[in-house]
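Chemist: Here it is, the structure, as structure tokens.
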Amino acid sequence: MFSGIVHLLKQIKHHLWLTLLHLEGLMDRSRLYRDFPGLKNKFNSSAPIVTNSYKHYTTTVSNPKMAVSLELATFLSALCSTLNPRSVLDLGSGYSTYVFARYKQESKHSVKLWSVDDNRKWLAKTHVFLKKQKCHPSRLMHWLTLEKMRFPILPFEFVLYDLGIMSTRKRIFPYLINHTKKETLIIVDDVHMLDYQRLVRKLIRNQVTQYYSLRSLTLDTYQRFAMLVIR
């Protein structure tokens, strides 16, 4: 009986946490649209553009569960179109690299785009896909190559953090926070993993200017969603 009560209390706690995440997502969506004028229209117009290439990618290269979500890909495209960053760091290559490479290709100004992964086979797959699509990053490299460059501050204004397995992300995230300059935008994917989300929130607590839950905009069928952090 006691174990049943404990289980029930855990369920109630979990559902309460999910409700709070949902409400936070709704409030932060309103804040985002207020703080980034034009983002709402860009998000709505980006969806049909991204969808066709995403379907092609997830049937020929990867699968929807392994690839960045369609919802996040749409948000990345919209945010780039809204902010026009001149430097982008894609930590975790794949379909996101294609989204950024298309932005780079279509931008009216020069864009430095580095895509980084900790898996050499996956880097090769990304290279082949991008070559077929005739759009390319400035550099495509292994994580160890970037690490050996020993940047005191990473020279990028826009970062997607979706690198490797969860243990890798937990290990590298403190490095990312400590090596990005003020006002850098960092999209942290997969914060639906509650232990990972708690770690991210703890590490950014005193080191960022602002953060937004992207749950209302990037929640997918696998319950994945992202967070936007501004250093």
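Chemist: Given (1) under 23 Å from Lys10 (Cα atoms); (2) surrounded by fewer than 18 Cβ atoms within 10 Å (Cβ to Cβ), identify the lone condition not met by Ser167.
Modeler: (1)
Chemist: Sticking with this one: Would you mind finding the one in Lys55, Lys42 that is at pLDDT 95 or above, touching a helix residue (DSSP H, G or I) at 6+ places or on another chain (Cβ under 9 Å), among the basic types (Lys, Arg) and surrounded by fewer than 16 Cβ atoms within 10 Å (Cβ to Cβ)? Let's see the steps before the verdict.
Modeler: On the way: Lys42 fails: surrounded by fewer than 16 Cβ atoms within 10 Å (Cβ to Cβ).
Being at pLDDT 95 or above, touching a helix residue (DSSP H, G or I) at 6+ places or on another chain (Cβ under 9 Å), among the basic types (Lys, Arg) and surrounded by fewer than 16 Cβ atoms within 10 Å (Cβ to Cβ) holds for just one of Lys55, Lys42, which is Lys55.
Chemist: Here is a follow-up. Please specify each residue of region 134-155 satisfying the condition of being farther than 23 Å from Lys182 by Cα and β-branched (Val, Ile, Thr).
Modeler: Thr145
Chemist: Then there's this: Please list, ordered by first then second residue, the pairs with beta carbon atoms under 6 Å, 6 or more apart or interchain, first in region 44-63 and assigned to a helix (DSSP H, G or I), second among the β-branched types (Val, Ile, Thr) and surrounded by 13 or more Cβ atoms within 10 Å (Cβ to Cβ).
Modeler: Pairs that qualify, where the first residue is assigned to a helix (DSSP H, G or I) and the partner is among the β-branched types (Val, Ile, Thr) and surrounded by 13 or more Cβ atoms within 10 Å (Cβ to Cβ), are Ser46/Thr74; Ala47/Thr74; Val50/Thr74.
Chemist: Could you check Ser93 against (1) surrounded by fewer than 21 Cβ atoms within 10 Å (Cβ to Cβ); (2) touching a Lys or Arg at 6+ places or on another chain (Cβ under 9 Å); (3) polar (S, T, N, Q) and say which number it fails?
Modeler: Tallying (1) surrounded by fewer than 21 Cβ atoms within 10 Å (Cβ to Cβ); (2) touching a Lys or Arg at 6+ places or on another chain (Cβ under 9 Å); (3) polar (S, T, N, Q), Ser93 fails exactly one: (1).
Chemist: Also: Of the residues Arg231, Arg201, only one is of a type in the set (D, E, K, R), more than 13 Å from the chain's Cα centre (by Cα) and crowded, with 16+ Cβ neighbours inside 10 Å; which?
Modeler: Values: Arg201 fails: crowded, with 16+ Cβ neighbours inside 10 Å.
Sole residue among the options that is of a type in the set (D, E, K, R), more than 13 Å from the chain's Cα centre (by Cα) and crowded, with 16+ Cβ neighbours inside 10 Å: Arg231.
Chemist: List the residue pairs whose Cβ atoms are under 8 Å apart, where the first residue sits in region 198-209 and is on the phi < 0 side of the Ramachandran plot, the second is of a type in the set (D, E, K, R) and in a loop (DSSP other than H, G, I, E, B), and the two are 6 or more positions apart or on different chains.
Modeler: Gln207/Arg231; Val208/Arg231; Thr209/Lys182; Thr209/Glu183; Thr209/Arg231
Chemist: Can you find, within region 172-231, the residue that is farthest from Leu79 (Cα to Cα) among those that are outside any loop (DSSP other than H, G, I, E, B) and charged (D, E, K, R)? Explain how you work it out, then say what you get.
Modeler: Going residue by residue through region 172-231, those that are outside any loop (DSSP other than H, G, I, E, B) are 172-178, 180, 185-188, 194-204, 210-213, 215-218, 227-230.
With the extra rule that they be charged (D, E, K, R), the set shrinks to 195, 198, 201-202, 215.
Numbers: Asp195: 27, Arg198: 25, Arg201: 22, Lys202: 25, Arg215: 15 Å.
Checked region 172-231; the qualifying residue farthest from Leu79 (Cα to Cα) is Asp195.
Chemist: Could you check region 73-127 and list, in sequence order, the residues that are in contact with a Gly (Cβ under 6 Å, 6 or more places away or on another chain) and at pLDDT below 95?
Modeler: none
Chemist: While we're looking at this one, here's another question. Surrounded by 12 or more Cβ atoms within 10 Å (Cβ to Cβ), over 17 Å from the mean Cα position of the chain (by Cα) and either under 25 Å from Trp122 (Cβ atoms) or among the polar types (S, T, N, Q) (or both): which single residue out of Leu176, Leu185, Leu146 fits that description? Explain how you work it out, then say what you get.
Modeler: Details: Leu176 fails: over 17 Å from the mean Cα position of the chain (by Cα); Leu185 fails: over 17 Å from the mean Cα position of the chain (by Cα).
That would be Leu146, the only listed residue that is surrounded by 12 or more Cβ atoms within 10 Å (Cβ to Cβ), over 17 Å from the mean Cα position of the chain (by Cα) and either under 25 Å from Trp122 (Cβ atoms) or among the polar types (S, T, N, Q) (or both).
The values are calculated or read from the model by the stated rules, or taken from the named source; none is laboratory data. A quick note: this is a predicted structure, and the numbers were derived from the prediction, not measured. All Cβ positions, even for glycine, are placed from backbone atoms using ideal geometry, and neighbour counts span all protein chains on display.
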